[in-house]
Amino acid sequence: MNLGLAEIRRARLRFGLLTTAVALLVFLVLLLSTLGGALVGSLTGALDRLDAAGLVYAGNARDNIAASRLDPSVADAVAAVPGVAAVGAVGTFTTRAPLDGTATDVQLFGFTPGAPGAPTGLSEGRLPTAAGEVAVDGRGVAIGDTIDLENGEGALTVVGLLRGSQFNALPTLYVPLDAYTSAVTAANPGLPFVPINAVAFDVDPGADAAAVAAAVTEAVPATQAYTRADAVARIPGISSISQSFGILVGLTFVIGIVVIGFFFLILTVQKLRAFTLLRAIGASTGSLAATVALQISVVVVAASAVALGLTALALQGLSTGIPVALSPSTVITTVVAVWLFSLLAGMLSVRRIARIDPATAVGSR
Amino acid sequence: MTESVEPILRVQGLRKTYGEGHTQVVAVDGADMTVDEGEFVALLGPSGSGKTTLISMIGGLLAPTSGTVGLGATEVTAMSRKELTRFRATQVGFVFQSANLVPFLTARENLLYVASLVGTPKKDAHARVDQLLEELGLADRAGNLPEQLSGGERQRVAIGRALMNDPDLVLVDEPTAALDTAMGRSVVELLQREIKSRGKTGIMVTHDLRMVEYTDRVFEILDGVLTHVERPSALEH
């Protein structure tokens, strides 16, 4: 005889409404977390998923890879620093290309095949190894498609598809450095030389990437080296965006938990007479608290299932221009956090139950 | 030679006071009472006389200021809070005013829940519920919620709930308070029959003198002082 489940069965409308309210809150948290994560990911993915221990920028680039200009020979100077195992030049610029039938801004990255700085996150195909080949992270592109960069910068055949490797929230194209150099030259005729934007480096086994980065900054004039994680965290505006989404998600979460706590407190107060009777006839505070905990769990699980469906539908229907996918870890973290904090909020109800004086059952009408 | 049997319920010098100093109120003043196994006694008294306080202390719901309560081998007043909760579930059956059933449980579930408190095996609990509801004339109302039952039916469910765990003592608090005379008589008659047929011990708190005829003995309480009477004082006038 389960008291909590029996009450849910008998008060379907009340618990249905409560579940709907909780589902909407979980949906909001899931959607905001997913969109926030997707936005940050599409702004930073290219650097975050770069196959390198660290990056070297020009000293005056203010931590912005797009503003960094380095002579390609800097790569040799970086390679000579003790602790650096290998280096690779990385170049990037924004251009335009028809994707999915529409001319759109794209971010072009040039990397040295087989050297640090190559993208990871390949979901299909392979990385380009020769001029005329490209790996793409963007919608509406398939292996074998041809992409014509504007201004005669070159026709590229798609040989690989990437996920989570975008930059500046734009479709991102990865080509070998030679092809990148050709594209830059075509776009900027008359350039005395094509600068690179960064030098990606790997460190010797056992070496500390942060220490090596500091050594590079020290040893190579007019450069600033960072570990990959530092480079990502220092992308201009990223910390503000992350914080803003964090505040939105956090506030929604806190409001949701408080609402759940109060909902169950109201339900408990409405049942005080019954709970007093049950305490009088021998029900322990623990067993009544377990009833509330079970009901919270049932509501959160049902609400999470509904919220998951709603989020999946919303993400299908939303056109954000950036790749958005519901990650299992976001779902699990959100649901477990909502469940645990809801149980914590349920302590308000348990506290009220613990204060019940069973003697008041006698003589009350 | 007759063997003397110790009373199952022993109340000695039971006292309950509220407040201190000149604001102190004595709710029960040194009550002494013994009830034999199988006896059904009435506890009479006007409102505020202390009868509810007394029955609450006997049932382990309220701690006395001083004095002792013993039920069989159990020293009720020596128990911890946790032990008292268990004591109320296993050794005492309560019938409160206005039935006081759990509103979202059916008649059957109200009884089954009590069985679950003491871990009665499911099969045994179901069998006992069926038997009790049958005896109480509620077999066809087993699936009804309290709001779908009449006042008398609700009180009968409460009686079934009180007897569900086969308690040593049944404490009944104003069982006729919410019932008309005929229904009240029928409920108390049923209560007496069920308690007697099972050899249980029962105490019924009431201010309704007409219900006294169903009990073996009468105790009266006035201003916290308990006395055993042959004839309720109200009937003297």
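Nothing in this text is a laboratory measurement; each read-out follows from the coordinates by a stated rule. What you are looking at is a predicted structure, and each value in this text was computed from that prediction instead of being measured. Every residue, glycine among them, receives a Cβ derived from its backbone with ideal geometry; neighbour counts consider all protein chains shown.
What to note about this one:
- Per-residue shielding of B:56-69, expressed as the average number of other chain Cβ atoms within 10 Å of the residue Cβ, stands at 2.
- Classification of segment A:201-315 by its C-alpha gyration tensor yields a prolate form. The axis ratio a/c (a ≥ b ≥ c) is 1.5 or more, and a/b outweighs b/c.
- Share antiparallel - DSSP beta bridges, the protein assembly as shown, percent rounded to 5: 65
- Backbone N under 14 Å from the A:D204 label point (7 Å along Cα→Cβ), restricted to segment A:57-99: A:79-86
- Net charge, A:A61 excluded, C-beta distance under 11 Å - Lys, Arg +1, Asp, Glu -1: +2
- Secondary-structure-derived ellipticity at 222 nm for chain B, considering helices only, amounts to -10000 deg cm²/dmol, per-run term -39500 (n - 2.57) for DSSP H runs with n ≥ 4.
- Inter-part distance where segment B:170-227 and segment B:3-46 are each reduced to a Cα centre, Å: 16
- For residues of A:273-280, the mean tally of beta carbons on other chains within 10 Å: 5
- Packing-based order for A:146-158, A:294-306, using average beta carbon neighbours within 10 Å, highest first: A:294-306, A:146-158
- Taking other residues whose beta carbon is less than 12 angstrom from the beta carbon of A:F275, and scoring Lys, Arg as +1 and Asp, Glu as -1, yields +3.
- Whether segment A:45-233 is rounded, prolate or oblate, judged on the alpha carbon gyration tensor where a/c under 1.5 counts as rounded: prolate
- Prolate is the label for chain A, because the ratio a/c of its alpha-carbon gyration tensor axes (a ≥ b ≥ c) is 1.5 or higher and a/b is greater than b/c.
- Flagged links, alpha-carbon separation over 28 Å, of A:K271/B:K196; B:K51/B:K123; A:K271/B:K200; B:K82/B:K200: A:K271/B:K196; B:K51/B:K123; A:K271/B:K200
- Averaged over peptide B:80-90, the number of partner chain Cβ atoms lying within 10 Å of each residue's Cβ comes to 3.
- For segment A:132-158 versus segment A:340-364, the spacing of their alpha-carbon centroids is 65 Å.
- The equivalent ellipsoid of segment B:1-104 has semi-axes of 23, 20, 15 Å, largest first, where each one is the square root of 5 times an eigenvalue of the Cα gyration tensor.
- Contact order, relative form, for chain B: 28 percent (alpha carbon pairs under 8 Å, 6 or more residues apart, mean separation divided by residue count).
- Segment A:83-116 and segment A:245-280: distance between their alpha carbon centers, rounded to Å: 51
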